[in-house]
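Just so you know, all these numbers are worked out from the coordinates, no wet-lab data involved. All of these numbers come straight from a predicted model, not from anything done at the bench. In this analysis, Cβ positions are derived from the backbone assuming ideal geometry, glycine residues included, and neighbour counts consider all displayed protein chains.
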Amino acid sequence: MTSTLALIPARGGSKGIPRKNLKPLAGRPLIVWTIEQALVTPGLDVCVSTEDVEIAEVARSAGAAVIDRPAELAADTTATEPVVEHAIAELTAQGARPDQVMLLQATSPVRLPGTMTRALSEFAGSGADSMVGVVPEPIFIWQKEPRVRALYPVTNRPRRQDMTPDQLRYRETGSLYLTRTEIYEQAHNRLGGRIELFVMDPVEGTDIDAPHDFALAEATLAQIRSQEHPTA
């Protein structure tokens, strides 16, 4: 069996939205949504990496294991990759080195039921070394600098239903990455080797960057719940 670490990085020092990972979203702390989604996915060992005592307590109460992150890996300028590598090293020292890592961002709380299971299945079947979660985006994108130009054929504007595969574009959501452990150890990056796209539903592209994003995420989660449990 392939062992998969589902790692959720969550530091306590968010600047844009103070204590963002613990801010309530639809009745529970933001981070708990991602923890619970991972816990119901077979084959995942769910861990939260944090330097924050309160986040650690909430994570444990929600059912996740906690990896104590050193303060030097919780600065504003700290990249995510060293945090993942620290978690891999800690588990390796315990004799539990994972074969692959599913990196989950707590600030992307909207995931459909079965999304993580589908990611594991697609990754296993693809033979990829790393996979990045994306959502479809309109192709009608423009560039302003160094000169104004369209990144699509203006003189032959395609209709959405007529777009060919090479015309489709995708946005990296930040929600989910799946990577073989050796890629982190050798390339020190979440993406490396043979990279595949994991195409997610557009609603799963919701990211919490500003206070108003909480209202959008809450409405989206409520819609998902209503579809799962329609009233009679």
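In table form, for the structure just shown:
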item	result
Looking only at the range 91-133, and only at residues there that are charged (D, E, K, R) and surrounded by fewer than 16 Cβ atoms within 10 Å (Cβ to Cβ), the one that is farthest from residue 215 (Cα to Cα)	97
Long-range neighbours under 9 Å by Cβ, at least six apart or interchain, first residue without any contact (Cβ under 8 Å) to a residue 60 or more places away in the chain within the range 206-229, second surrounded by 10 or more Cβ atoms within 10 Å (Cβ to Cβ) and of a type in the set (S, T, N, Q)	213/107; 213/206; 216/206
Answer residue from the range 1-56, given it is charged (D, E, K, R) and part of a strand (DSSP E or B) and is surrounded by the most Cβ atoms within 10 Å (Cβ to Cβ) among those	45
Residue match in the range 104-111 (condition: closer than 29 Å to residue 23 by Cβ, in contact with a helix residue (DSSP H, G or I) (Cβ under 8 Å, 6 or more places away or on another chain), assigned to a strand (DSSP E or B) and among the charged types (D, E, K, R))	no
Test: residue in the range 98-107 that is more than 22 Å from residue 201 (Cβ to Cβ), polar (S, T, N, Q) and in contact with a strand residue (DSSP E or B) (Cβ under 8 Å, 6 or more places away or on another chain)	yes
Residues located in the range 181-190, provided they are surrounded by 15 or more Cβ atoms within 10 Å (Cβ to Cβ) and part of a loop (DSSP other than H, G, I, E, B)	189, 190
Set 171, 160: member being within 30 Å of residue 218 (Cβ to Cβ), in contact with a helix residue (DSSP H, G or I) (Cβ under 8 Å, 6 or more places away or on another chain) and surrounded by fewer than 21 Cβ atoms within 10 Å (Cβ to Cβ)	171
Cβ pairs under 6 Å, 6+ apart, first in the range 44-61 and without any contact (Cβ under 8 Å) to a residue 12 or more places away in the chain, second in a strand (DSSP E or B)	60/66
